[in-house]
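Undergrad: Sending over a structure as structure tokens; questions will come in a sec.
What follows is calculated from the coordinates using simple rules that are stated; it is not laboratory data. Being a predicted model, the structure only gives us computed values, none of them experimental.
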């Protein structure tokens, strides 16, 4: 694609996305995150650059932001969108679980704050053509990072019925997992399931119509489960949190926005573990583990969007934000 064509595409998507793509809990996130306007911050899930832009605007471009994303196309998009902030953003095509390697390569030992938005970016849903959306006929890929080996097509067409059911139950908390897995195997026996729209139709037929959810597509949980499995998302989140906290300066903050219960539960558990000063069994006369708290939990209950934000941005309805501070 020519540079001119790419820039025209970026501008068109930005215009189309104005009423749709909005960074969730943006004001609240930046308010918690920025403790030093001239500091160094990491946007660990750059996406379309919304949170990075908010950080730069909030600090009047006095800070430096390191933006990470596994999707090279998202990096290119954000680089163009944030061109007015040249010199204040460093872009890296990397998974957030490699935050330590990225910072080492930049000779940055500590940072003032790190934010991760675990939701799917509008860029990936609307523009990637990798099957993240069940509303269109796209190749059944679902890799956020095209360098990954296995696609959703591979999983759906090669796993056994028991394996598919287990993935849907574990990562999608789908109560119809067995019926869906059975219908998938029956469908692929006739012909491989190649596209997102095909898979969505198979899932919809597997769940009795009277049990279809009122507000979401019946294939939502199935797509969530496959996306998590393909991208090793929960493992990466767990690895990221430990590394992120270790790279915060004292008083620096980690802000994480999640969009489903598995993610939020993992974040909550990790924060509690790092905030606990002792892991000795109850009843011991004195502490023998020597563990010290390394994180102070700032948000005892998660911050959620208000009614107005949900009205303006329906994608925000399931968002939960948790904040921890390095001690």
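Undergrad: Using only helices, what value at 222 nm comes out for the chain when you add -39,500 (n - 2.57) per DSSP H run of length 4 or more and divide by the total residues, to the nearest 500 deg cm²/dmol? If you can, show how the numbers build up before the last one.
TA: Details: 14 runs with 146 residues, N = 327.
Counting only the DSSP helices, I get -13500 deg cm²/dmol.
Undergrad: Need one word for segment 158-215: rounded, prolate or oblate. Basis is the Cα gyration tensor (sqrt eigenvalues a ≥ b ≥ c); a/c below 1.5 gives rounded, then a/b vs b/c decides.
TA: Details: a/c = 1.82, a/b = 1.20, b/c = 1.51.
In terms of gyration-tensor shape, oblate.
Undergrad: I would also like to ask the following. From the convex hull of the Cα coordinates of segment 31-155, what is the mean projected area in square nanometres? Intermediate results must be reported in sequence, preceding the final value.
TA: Working: hull surface 32.9 nm².
Its Cα hull, projected and averaged over all orientations, spans 8.2 nm².
Undergrad: Let me ask something additional. Could you grab the Rg to Rh ratio for the chain? Cα atoms only, Kirkwood for Rh.
TA: Using Cα coordinates only, the ratio equals 0.99.
Undergrad: Using the alpha-carbon centroid of each, what span in Å lies between segment 145-194 and segment 289-309?
TA: Between the Cα centre of segment 145-194 and that of segment 289-309, the gap is 35 Å.
Undergrad: I would also like to ask the following. Answer rounded, prolate or oblate for segment 244-304, using the Cα gyration tensor with square roots of eigenvalues a ≥ b ≥ c: rounded when a/c is under 1.5, else prolate when a/b is larger than b/c, else oblate. Before the final figure, lay out the partial values.
TA: Working: a/c = 2.70, a/b = 1.59, b/c = 1.70.
Oblate is the answer for segment 244-304, as a/c is 1.5 or above yet b/c matches or exceeds a/b.
Undergrad: Any idea what diffusion coefficient segment 134-231 gets from Stokes-Einstein, in µm²/s, Kirkwood Rh on alpha carbon pairs, 25 °C, 0.890 mPa s?
TA: Details: Rh = 13.2 Å.
It diffuses with D of about 186 µm²/s by this estimate.
Undergrad: Looking at the chain, send over the antiparallel percent of its DSSP beta bridges, to the nearest 5.
TA: Details: 11 of 29 bridges.
The answer is about 40 percent antiparallel.
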